[in-house]
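Structure, as structure tokens:
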Amino acid sequence: MQTPHVVTDDAPALQTDEATASRIHFDIFTLFPQMFSGPFDESIIQRARANGLISWALHNIRDYTTDRHHVCDDTPYGGGGGMIMKPQPIFRAIETVLSRPAGWVLPAEAAYVSLPPWEAEAPPSLPPAVPVILLSPQGRLLNQQIVLELSQYRRLALICGRYEGVDERVASRLATDELSIGDYVLSGGELAAMVLVDALTRLVPGALGHCLAAHQDSHSPGLGGLLEGPHYTRPLTFRQETAPEILLSGHHAQVHQWRREQALARTLVRRPDLLESAALSATDLAFLRRLGWEPKA
Ligand code: SAM
């Protein structure tokens, strides 16, 4: 039995100031925090953090175990293959972290000790404004609309499962949402969490160079939910294919119209299902009808 150690709020200021000021703070709960090095150290995510637009804290679920061997998984009741992530370390990690200000991380010397108690009868109430998202292949399928909704929050908690998944009570009693990044199964929720952080970061004002870029992306409101049309850059001709002349015309209205039609045509060919819920003008509808498309009644 280890000596209980009081977990205080004098934890390292790791990202506390940064987190308080940032537009979105991510608390990521994982057994493999090092997986985030690399993807989080490059490009837009790294720059957004450096500019104080986003912040994150990686919480190792194993640090919240109290047993000698720091066990986070166990065999499933009823038998069957694989291991299941135990509920207690996950509950304890989430309840400890979310009852403290964004940016708080467990001090290294406090890992593996027994506070707060495992089976707290009255666990610390979690802040209602912080969604607790379990990444799961059984969750709501992530799309740009969900990303937009989540971008309204200042703080998000992401739980990354491993093995055969998490004990069901994590889903039923702790998570407020379950999200899947696609109808396939990954080995863990870490890559899914990175996908979500990336998609959300693009929506934080100032994270992208061009302020309208995210708004005009495929699936986004600026495009009415369509796919974006093709882009070209120099050279004008490459391997016998020349960029469309209209793009060099300098005629903004015509370029705009051409882009809209390209987006409509491309969506029709690649994702006709999106047209049913897209925001379409009378001109759009007329164009699509010329291509043989009719909205379903
Ligand atoms: N046995 C689970 C099932 O059939 O639903 C799959 C477990 S999977 C091997 C391990 C973990 O990877 C999951 O708990 C989840 O966190 C993550 N994961 C796998 N596929 C995912 C997906 N498509 N979207 C989000 N997370 C996923």
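The values are calculated or read from the model by the stated rules, or taken from the named source; none is laboratory data. In this text, all values refer to a predicted model and were calculated from it rather than measured experimentally. Virtual Cβ from ideal backbone geometry, glycine too; neighbours counted across all protein chains shown.
Scan the stretch 205-260 residue by residue and report those that are closer than 30 Å to Tyr153 by Cα and of a type in the set (S, T, N, Q).
Within the stretch 205-260, Gln216, Ser218, Ser220 qualify.
Is it true that Ala213 is touching a strand residue (DSSP E or B) at 6+ places or on another chain (Cβ under 9 Å), more than 13 Å from the ligand (Cβ to nearest atom) and not assigned by TED's automatic domain parsing to the domain that holds Ser277? Break it down into steps so the answer makes sense when it comes.
Numbers: touching a strand residue (DSSP E or B) at 6+ places or on another chain (Cβ under 9 Å): no; more than 13 Å from the ligand (Cβ to nearest atom): yes; not assigned by TED's automatic domain parsing to the domain that holds Ser277: yes.
So Ala213 fails the test.
How about the stretch 261-297: which of its residues are surrounded by 10 or more Cβ atoms within 10 Å (Cβ to Cβ), assigned to a helix (DSSP H, G or I) and of a type in the set (Gly, Ala, Ser)?
Residues satisfying the conditions are Ala263, Ala265, Ala286.
Which ones in the stretch 181-197 are crowded, with 19+ Cβ neighbours inside 10 Å and either within 6 Å of the ligand (Cβ to nearest atom) or not assigned by TED's automatic domain parsing to the domain that holds Glu168 (or both)?
Within the stretch 181-197, Ile181, Gly189, Ala192 qualify.
Provide a single number: the residues in the stretch 225-248 that are assigned to a loop (DSSP other than H, G, I, E, B) and on the phi < 0 side of the Ramachandran plot.
Qualifying residue count for the region: 13.
Can you tell me which residue among Thr242, Thr233, Thr237 is β-branched (Val, Ile, Thr) and within 31 Å of the chain's Cα centre (by Cα)?
Answer to the check: Thr233.
Among the residues of the stretch 124-179, which ones are crowded, with 16+ Cβ neighbours inside 10 Å and small (Gly, Ala, Ser)?
If the condition is that a residue be crowded, with 16+ Cβ neighbours inside 10 Å and small (Gly, Ala, Ser), then Ser136, Gly139, Ser151, Ala157, Gly161, Gly165, Ala171, Ala175 are the ones that fit.
Out of (1) hydrophobic (A, V, I, L, M, F, W, C); (2) farther than 25 Å from Glu168 by Cβ; (3) surrounded by 15 or more Cβ atoms within 10 Å (Cβ to Cβ), the odd one out for Ala50 is which?
Among (1) hydrophobic (A, V, I, L, M, F, W, C); (2) farther than 25 Å from Glu168 by Cβ; (3) surrounded by 15 or more Cβ atoms within 10 Å (Cβ to Cβ), Ala50 violates only (3).
Here is a check on your reading of the model: is Gly222 at pLDDT below 95 and part of a helix (DSSP H, G or I)?
Here the answer is yes, as Gly222 does meet what is asked.
Per-residue answers, yes or no, for (1) surrounded by fewer than 17 Cβ atoms within 10 Å (Cβ to Cβ); (2) within 20 Å of the chain's Cα centre (by Cα); (3) modelled with pLDDT under 95; (4) of a type in the set (Asp, Glu):
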residue: Phe36; (1), (2), (3), (4): no, yes, no, no
residue: Phe40; (1), (2), (3), (4): no, yes, no, no
residue: Ser55; (1), (2), (3), (4): no, yes, no, no
residue: Asp67; (1), (2), (3), (4): yes, no, yes, yes
residue: Gly81; (1), (2), (3), (4): yes, no, yes, no
residue: Lys86; (1), (2), (3), (4): no, no, no, no
residue: Glu109; (1), (2), (3), (4): yes, no, yes, yes
residue: Pro116; (1), (2), (3), (4): yes, no, yes, no
residue: Ala122; (1), (2), (3), (4): yes, no, yes, no
